[in-house]
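*Asks:* The structure that follows is given in the form of structure tokens.
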Amino acid sequence: MRRFRVFLYWLGLWSMVSGVNAADVETLPSVKVYVPKVCLACIEWAQYLRQNGFTVTLDDTQDMVAIKRRYGITADLEARHTAVVGGYFVEGHVPAEDIKLMLLEKPKALGLAVPGAPRGAPGLDAMIGTGCETGCTILEGSGVSNRVRRELYNTVLVSRKGKTSVFARH
């Protein structure tokens with residue numbers, strides 16, 4: 001019995017320190033992420049999801065266009081990677097809190113998308129200051145003190161009919 005109490009104590013302490021609720025970890029569905037070869041930002045995003053309580057598997061995929069079309073992702077919504085979780089698609093660098101909210105609310109939709117690669121989005125935030133993939137850096141400042149700045153972006157909800165609406169602003 002003492003061992004069980006010690007286990008519960010450490011589990012509670014870990015939950016407080018990590019910000020992850022132990023009950024959430026048990027109830028979150030696993031995430032399958034389809035990634036093209038050599039996409040470091042995709043791997044960073046998968047790691048970010050793991051840190052937020054998701055179980056993640058990566059699937060190196062040659063034909064990303066076929067994957068995207070299978071789930072109803074149109075060209076204007078595309079990003080590098082595509083994930084599937086709880087019967088929804090998650091396209092691009094969608095924040096974990098948006099995914100959790102979608103899973104909680106269970107909207108009648110195909111999924112969520114963050115088109116492109118906005119600077120500062122999960123998986124791309126570590127690359128601020130170091131540069132990142134093509135189209136992902138804008139320098140601000142003048143002369144010697146140039147730096148990459150964070151970009152505001154929206155997470156969009158894609159309805160079953162393909163219509164989009166803003167789900168969250170970041």
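All of the numbers you see were taken from the coordinates with simple rules; none came from a lab. Since we're looking at a predicted model, the values are computed, not measured. FYI the Cβ positions are ideal-geometry reconstructions off the backbone, even for glycines, and counts take in every protein chain you see.
*Asks:* Take the residue pairs Lys37/Lys108; Lys32/Lys100; Lys68/Lys108; Lys37/Lys163 and return only those whose Cα atoms are more than 25 Å apart.
*Replies:* Lys37/Lys108; Lys37/Lys163, as the Cα separations exceed 25 Å there.
*Asks:* Taking the highest mean first, how do the peptides 41-54, 89-102, 69-82 order by number of other beta carbon atoms within 10 angstrom per residue?
*Replies:* Highest-to-lowest ranking by the protection proxy: 89-102, 41-54, 69-82.
*Asks:* What residues qualify as long-range amide H neighbours of Arg149, i.e. H under 5 Å apart, gap of 5 or more or another chain, H built at 1.01 Å from N?
*Replies:* So Arg149 has HN proximity to Ile138, Glu140.
*Asks:* Pull up all non-local amide H partners of His93: gap of 5 or more, or a different chain, and H-to-H distance under 5 Å with H placed in the peptide plane.
*Replies:* Those qualifying (amide H under 5 Å, at least 5 residues apart or on another chain) are Val114.
*Asks:* Right, another one. Run the simple label-point estimate for Leu104 and Asp76 please: 7 Å along Cα→C-beta, distance reported in nm.
*Replies:* Going by the 7 Å Cα→Cβ label model, 3.0 nm.
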